[in-house]
Protein chains: 2
Amino acid sequence: MNINLNKLCANTVRTLAMDMVQQADSGHPGMPMGMADVATVLWTRFLKHNPGDPTWPDRDRFVLSAGHGSALLYALLHLTGYDLPLEELKRFRQWGSHTPGHPEVGLTPGVETTTGPLGQGFANGVGMAMAERFLAATFNRPGFPLFDHTTYAIVSDGDLMEGISHEAASLAGHLGLGKLVYLYDDNGISIEGSTDVTFTEDVPARFRAYGWHVQEIDGHAIDQIDAAIRAAQAERERPSLVVCHTHIAYGSPNKQDSADAHGAPLGEDEMRRTKEALGWPAEAAFYVPPEVQAAFRRAVDAGAAAQAAWQALLEQYATAYPEQAALLGTILAGDLPAGWDERLPTFAPGDGPMATRKASGKVLNAIAPALPMLFGGSADLAPSNNTWLNGCDAFQKETPTGRNVHFGVREHAMGAILNGMALHGGLIPFGGTFLVFSDYMRPAVRLAALSHLPVVYVWTHDAVWIGEDGPTHQPVEHLAALRAIPNLTVIRPCDANETAAAWQVALERRDGPTALILTRQSLPVLDREVVAGAEGLASGAYVLRDAPGGTPELILIASGSEVHTALAAQEHLAEQGIQARVVSMPSWELFEAQPRSYIESVLPSQVTARVAVEAGVAQGWARYVGPAGDVVSIDRFGASAPYKVLVEQFGFTVADVVQRARALV
Amino acid sequence: MNINLNKLCANTVRTLAMDMVQQADSGHPGMPMGMADVATVLWTRFLKHNPGDPTWPDRDRFVLSAGHGSALLYALLHLTGYDLPLEELKRFRQWGSHTPGHPEVGLTPGVETTTGPLGQGFANGVGMAMAERFLAATFNRPGFPLFDHTTYAIVSDGDLMEGISHEAASLAGHLGLGKLVYLYDDNGISIEGSTDVTFTEDVPARFRAYGWHVQEIDGHAIDQIDAAIRAAQAERERPSLVVCHTHIAYGSPNKQDSADAHGAPLGEDEMRRTKEALGWPAEAAFYVPPEVQAAFRRAVDAGAAAQAAWQALLEQYATAYPEQAALLGTILAGDLPAGWDERLPTFAPGDGPMATRKASGKVLNAIAPALPMLFGGSADLAPSNNTWLNGCDAFQKETPTGRNVHFGVREHAMGAILNGMALHGGLIPFGGTFLVFSDYMRPAVRLAALSHLPVVYVWTHDAVWIGEDGPTHQPVEHLAALRAIPNLTVIRPCDANETAAAWQVALERRDGPTALILTRQSLPVLDREVVAGAEGLASGAYVLRDAPGGTPELILIASGSEVHTALAAQEHLAEQGIQARVVSMPSWELFEAQPRSYIESVLPSQVTARVAVEAGVAQGWARYVGPAGDVVSIDRFGASAPYKVLVEQFGFTVADVVQRARALV
């Protein structure tokens, strides 16, 4: 493509973005106008993709980390021939459209990830590149480069100010992710004005310190953009940052280089003036010159041909490596290999006492050989989270088939990298830290839930019972805070067998993330000959041990370690002539998904004397215990002391629960 | 102090830390042993402090960002003569002791901040140094350097891996905080082993890129430590990072340089061997050689003398600058100047409609002249959060009396910097961002609540009603998630006058943080001649407009923008013969703090037909509406569309509320 046509293409992207924002009377025109040249060069000269099949596994990934520039992406998707007609561009930011305010994966063909909260896309891309490297190392064979694609992103000042960009960039540099190419929109403007008011670090030096390959260019000079992307592709040992000096709202006579153009429409007058300045028909809206249309649409045939060639390669691969090909088919479909769950261990009382984090480690190691797509690690707490896969390497530059990731003390990036891996496909990602530090990764967890990503969190040290480390490390509000997130399934198993069942639920869930909430301290392995089977966990709550005859006058409801307290209390109450039922309730979300009849069978309406026991804030339990019930909870921060002292001090002894229960009947 | 005595002092710190951890059978010996030399040089040769008065305003601040090394800090506090007797060291990590697992401010004299969650202390220190600079610029006069102290911190690999360290370091470099001196414990070990497995960035180059002054030394060479701190002090234009190459568990024959020594006692045998290697009496525990005792205790007299000299200076200052001195007295006492609240504006219906974020901006600007300690800003959203103080400068290197901070897109650091300012004293810090991005700062918010810090959050764009920006920017779970945090007061005012009342509550609160939850969209200013006065906000919930005669058959409870919907529904219901009460409930925490009788008067038990209306998840509302009630809520993520379309789609029209209410009566 010659430079003039390239400029024309870029101006089409620019004017479409202006038109979209103006039509919606809402949105961010400045960034798309500033990055139109860079994006157009990337999309017309480099990006390997097939608009006809946005799921092609070996496509390049394009992440718009600066998600507020969504109009840029929608223009490119429309122009290159994705299933996003011009009518959708005209319905920008409207109810039910495929062009929401910020890109949402799953809603719009060709959108690779949900972005907008700054820094998330930056880290998603690192996860995608890690997935590509692992899959390439695992499946590629001489002559069969089945996985050989690049992850591109457009990142903004805001992305680079966010701490998550530091975490992700440092890890990407460490891993030497040479197929990561980030285009930094260095426009010098953020919402409060010039970035000089707060952001004066030397970004190129910073990224070099991370081990990145850094270039600086004029982001409106087509030849410089072309050369920089070419050089970035050629660099295979280091991730690349191309610092693109651009003008926000490029082309606007009065709003270029101004914060005014960041998040508001240009206005009719300024839009007309801008179109004139760009040599555009001033009155035309959503205008695409025919030669531009033709130029962009080449992507359709080129993409189809590229994917066909890849498909042919895959077929040859299937002949040469039938086992690998079969496994690859399963993995890419997002399926679990048949019979994987036969490896799920069963625990007997004699195996315990055992912390549920330890049980989780045993489960993980039992199933890992059958699940070669299980890939993850911990934020520097693997020995505590029990997340290490024995017999597997660490995932390092030199050992790219390793399945154990040393995320480092980078919880937030870990969360967003897990999202990137899930978005890439081919992996079931998991990541661990202490439950209290789920706060550090919360923005990424929210996006996993919003984006329906099957990610598994291994959050251990789940209550004040961690003891001596004290309140900074003791979660109290976290169960409530996590349960508040829509589409996140939170599971707090009570023993080793419930832990195995929880892993099964987590791995079989394909439409959202699952949090496993696990103890530091040892717990007995319940005798399932005496109490109900752990498969009840899948229903969220179940009658673990009923009152004799099944007619309780009281229900004790508990999760995790407190289930054992409830069982002991049940016995004491029975000695005092009070017939109680114990309900193990590891997951509110799973329980709420059951039919009303099941819920009623577990928690019969007529039994209003109910005590919930959970080592955290009471918030939300009123729903299950009702106004006649009680909640044994911890509605304050914890304290540093040995575990058993805390049980006494916080009123969680069996005697305490018995007393609270007796008060109700 | 000569080098031999310095080494002996350091070994005392080392062995005390070992003894503490061993006695508790829990804790982290490795870091204190590794950093004992550096810390001892700092505390015996440089730190300006008065063990007899840990509140002296002009003391240097010492932050142990690597809070797991708490034993190091407790040893230093004990040895230099703080009110922390040896008995407390022997009760390390026990219930009720002053030596908890991680340092907790307020619990232990001389502990400046609560640390443990990595990266927080790093950013707290930046806030302290900003406070020092502002107060110095505002109050110092020629010959009266009332504020002239340095903020020191010990930071670890983990701190520097965390994203918050990037955000805070970038801002500190931008501001040129020359009185910030950070000592980096570069021991090459974290929990998963060598830091080489994940942390290979060039830290000195990274910090130089932020504009820091960087030195590298042997962290066990007393003369190098001394020289580096001296050079760091001499550098007044840039923050300093001293990279101290150290050996974790220095002195332990078998555990030095090993991850084993990070988080577990050395064990009796290894402890004995280590003491032998250090030339220590192997059987003695908690042993302090007399010459060490004498050397450290010099801090008592030196500190008392230094503070006395400062006090004398302050008295001269009071003569020379009586007004400034009086103001300073008020500020340092944490009091609000008398009569400040007379400036709180009152709004009339004719002033509206007005978004509560706009009302907040008006309130802030009305009171700011009377509250010169009000200091804060936004994470690059000042024009949206309405946090800018008109007529005040930005807080910049060149304008250090400015009260408007450009935090940049650095929500997490902003949260921890606000904590640092509050900890420093002399300021009432506030910070703004969108409510949905409170997630980014959550770990810092938790620590503000745990540490009882009077910080004010201005979280705007409080519901899906932001409209077109879509679900990434629309909070739904955030009210529930924030209410779950103990000691955080969450207030969601319904109009401009409730917003003014909310600011008053927030500023008068001295024992914890307050979150103001504010709308993007305009709301009517309620006619307080017709409905109850906005002073009811201070009680958390109040009867805004009662049923005629005060005998409702139904109660509508709402917060924020939904209060207006409830009021309209009340009128429609009245037309249909249903007498409803409308309760405005801006704050659960304030309401729960009221006497039972007040709670009963607002929500009489006999009225069981209750509808809560709030644009967020229902979690927790069951407590107020009971099993016979209903909650008009949004238990899913939002969507990108104009605000009024969303009101229809999510069932929040007046007709929807009327229908839901009618179903109950």
Restricting attention to region B:467-481, which residues are open to solvent by less than 10 Å² (accessible area, probe 1.4 Å), of a type outside the set (Ser, Thr, Tyr) and at the interface with chain A (Cβ under 7 Å from one of its Cβ atoms)? B:GLY470, B:PRO471, B:VAL476, B:GLU477, B:ALA480, B:ALA481
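Residue under question is A:GLY127, and the condition is that it be among the small types (Gly, Ala, Ser), more than 8 Å from chain B (Cβ to nearest Cβ) and in contact with a Ser or Thr (Cβ under 6 Å, 6 or more places away or on another chain); does it hold? Talk me through it step by step, then tell me what you get.
Details: among the small types (Gly, Ala, Ser): yes; more than 8 Å from chain B (Cβ to nearest Cβ): yes; in contact with a Ser or Thr (Cβ under 6 Å, 6 or more places away or on another chain): no.
For A:GLY127, the condition - among the small types (Gly, Ala, Ser), more than 8 Å from chain B (Cβ to nearest Cβ) and in contact with a Ser or Thr (Cβ under 6 Å, 6 or more places away or on another chain) - is not met.
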Restricting to region A:368-408, name every residue that is in contact with a strand residue (DSSP E or B) (Cβ under 7 Å, 6 or more places away or on another chain) and of a type in the set (Val, Ile, Thr). A:THR387, A:VAL405
Among residues of region A:194-222, those that are in contact with a strand residue (DSSP E or B) (Cβ under 7 Å, 6 or more places away or on another chain), among the β-branched types (Val, Ile, Thr) and either buried (at least 21 other Cβ atoms within 10 Å of the Cβ) or part of a strand (DSSP E or B) (or both), counted: 4
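Let's see how each residue does on (1) touching a strand residue (DSSP E or B) at 6+ places or on another chain (Cβ under 6 Å); (2) of a type in the set (Asp, Glu); (3) in the same structural domain as B:PHE395 (by TED's automatic domain parsing); (4) modelled with pLDDT of 95 or more:
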{"site": "B:THR55", "(1), (2), (3), (4)": "no, no, no, yes"}
{"site": "B:ARG59", "(1), (2), (3), (4)": "no, no, no, yes"}
{"site": "B:SER70", "(1), (2), (3), (4)": "no, no, no, yes"}
{"site": "B:TYR74", "(1), (2), (3), (4)": "no, no, no, yes"}
{"site": "B:THR80", "(1), (2), (3), (4)": "no, no, no, yes"}
{"site": "B:GLU104", "(1), (2), (3), (4)": "no, yes, no, yes"}
{"site": "B:PHE144", "(1), (2), (3), (4)": "no, no, no, yes"}
{"site": "B:TYR152", "(1), (2), (3), (4)": "yes, no, no, yes"}
The residue from B:MET441, B:MET421 that alone is more than 14 Å from chain A (Cβ to nearest Cβ), in contact (Cβ under 8 Å) with a residue 12 or more places away in the chain and under 14 Å from the mean Cα position of the chain (by Cα) is B:MET421
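Can you say whether A:PRO369 is without any contact (Cβ under 8 Å) to a residue 60 or more places away in the chain, facing chain B (nearest Cβ under 10 Å), surrounded by fewer than 24 Cβ atoms within 10 Å (Cβ to Cβ) and more than 19 Å from A:GLU132 (Cβ to Cβ), as far as the supplied structure shows? Write out each step before concluding.
Numbers: without any contact (Cβ under 8 Å) to a residue 60 or more places away in the chain: yes; facing chain B (nearest Cβ under 10 Å): no; surrounded by fewer than 24 Cβ atoms within 10 Å (Cβ to Cβ): yes; more than 19 Å from A:GLU132 (Cβ to Cβ): yes.
The answer is no for A:PRO369.
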Residue, nearest to the other protein chains (Cβ to nearest Cβ), within region B:84-93, restricted to residues that are surrounded by fewer than 21 Cβ atoms within 10 Å (Cβ to Cβ) and in a loop (DSSP other than H, G, I, E, B): B:ARG91
Positions within region B:223-245 being crowded, with 23+ Cβ neighbours inside 10 Å and part of a helix (DSSP H, G or I), in sequence order: B:ILE225, B:ALA228, B:ILE229, B:ALA232
Checked region A:495-520 for anything surrounded by fewer than 24 Cβ atoms within 10 Å (Cβ to Cβ) and closer than 24 Å to A:LEU450 by Cα; matches are A:GLN504, A:VAL505, A:ALA506, A:LEU507, A:GLU508, A:ARG509, A:ARG510, A:ASP511, A:GLY512
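What tally of residues in region A:526-539 results from selecting those that are in a loop (DSSP other than H, G, I, E, B) and surrounded by 24 or more Cβ atoms within 10 Å (Cβ to Cβ)?
Taking region A:526-539 first, the residues in a loop (DSSP other than H, G, I, E, B) are A:526-533.
If we keep only those that are surrounded by 24 or more Cβ atoms within 10 Å (Cβ to Cβ) as well, we get A:526.
Within region A:526-539, residues that are in a loop (DSSP other than H, G, I, E, B) and surrounded by 24 or more Cβ atoms within 10 Å (Cβ to Cβ) number 1.
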Flagged pairs (Cβ under 8 angstrom, 6 or more apart or on separate chains; first in region B:23-43, within 14 Å of chain A (Cβ to nearest Cβ); second assigned to a helix (DSSP H, G or I) and among the basic types (Lys, Arg)) are B:GLN23/B:LYS90
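Taking the stated definitions as given, is B:GLU132 on the phi < 0 side of the Ramachandran plot, more than 14 Å from chain A (Cβ to nearest Cβ) and either surrounded by 24 or more Cβ atoms within 10 Å (Cβ to Cβ) or among the aliphatic types (A, V, I, L, M) (or both)?
On the way: on the phi < 0 side of the Ramachandran plot: yes; more than 14 Å from chain A (Cβ to nearest Cβ): yes; either surrounded by 24 or more Cβ atoms within 10 Å (Cβ to Cβ) or among the aliphatic types (A, V, I, L, M) (or both): yes.
The answer is yes for B:GLU132.
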Residue among B:PRO51, B:PRO32, B:PRO57 that alone is part of a helix (DSSP H, G or I) and either open to solvent by less than 10 Å² (accessible area, probe 1.4 Å) or not hydrophobic (A, V, I, L, M, F, W, C) (or both): B:PRO32
Unmet criterion (only one of (1) under 16 Å from B:ASP157 (Cα atoms); (2) open to solvent by 60 Å² or more (accessible area, probe 1.4 Å); (3) within 14 Å of another protein chain (Cβ to nearest Cβ)) for B:ILE191: (2)
When you scan region B:81-92, do you find a residue that is touching a residue at least 40 places away in the same chain (Cβ under 8 Å), farther than 28 Å from B:ILE428 by Cβ and small (Gly, Ala, Ser), even just one? yes
Out of the residues in region A:374-390 meeting the condition of being assigned to a loop (DSSP other than H, G, I, E, B) and in contact with a helix residue (DSSP H, G or I) (Cβ under 8 Å, 6 or more places away or on another chain), tell me which one is farthest from A:SER451 (Cα to Cα). A:ASN390
Please go through region A:448-464 and pick out each residue that is part of a helix (DSSP H, G or I) and open to solvent by 10 Å² or more (accessible area, probe 1.4 Å). A:LEU450
Give me the helices (runs of 4 or more DSSP H) completely within region B:562-652, filtered to those with at least 3 residues that are crowded, with 24+ Cβ neighbours inside 10 Å, ordered by residue number. B:562-575
Do we have any residue at all in region A:344-351 that's open to solvent by 50 Å² or more (accessible area, probe 1.4 Å), touching a helix residue (DSSP H, G or I) at 6+ places or on another chain (Cβ under 8 Å), under 27 Å from A:THR55 (Cβ atoms) and in contact (Cβ under 8 Å) with a residue 60 or more places away in the chain? no
Identify all residues within region A:296-314 that are surrounded by fewer than 13 Cβ atoms within 10 Å (Cβ to Cβ) and either outside any helix (DSSP H, G or I) or in contact with a strand residue (DSSP E or B) (Cβ under 8 Å, 6 or more places away or on another chain) (or both); write none if there are none. none
Which of (1) in contact with a helix residue (DSSP H, G or I) (Cβ under 6 Å, 6 or more places away or on another chain); (2) open to solvent by less than 10 Å² (accessible area, probe 1.4 Å); (3) facing chain B (nearest Cβ under 9 Å); (4) part of a loop (DSSP other than H, G, I, E, B) does A:ASN487 not meet, given it meets every other one? (2)
Matching option when the condition is open to solvent by less than 10 Å² (accessible area, probe 1.4 Å) and either under 20 Å from A:ARG133 (Cα atoms) or among the small types (Gly, Ala, Ser) (or both), among A:VAL363, A:VAL405: A:VAL405
Scan region A:143-164 and give yes if some residue there is farther than 23 Å from B:TRP212 by Cα, assigned to a strand (DSSP E or B), open to solvent by 10 Å² or more (accessible area, probe 1.4 Å) and more than 14 Å from chain B (Cβ to nearest Cβ), otherwise no. yes
For B:PRO109, indicate whether it is within 14 Å of chain A (Cβ to nearest Cβ), in a loop (DSSP other than H, G, I, E, B) and either of a type in the set (Phe, Trp, Tyr) or touching a residue at least 12 places away in the same chain (Cβ under 8 Å) (or both). no
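The values are calculated or read from the model by the stated rules, or taken from the named source; none is laboratory data. What you see is a predicted model; the values in this text were computed from it and never measured. Cβ atoms come from the backbone with ideal geometry, glycine included; neighbour counts cover every protein chain shown. Quick note on the areas: whole protein, heavy atoms, side chains included, nothing else; ligands and nucleic acids left out. Shrake-Rupley method; radii C 1.70, N 1.55, O 1.52, S 1.80 Å.
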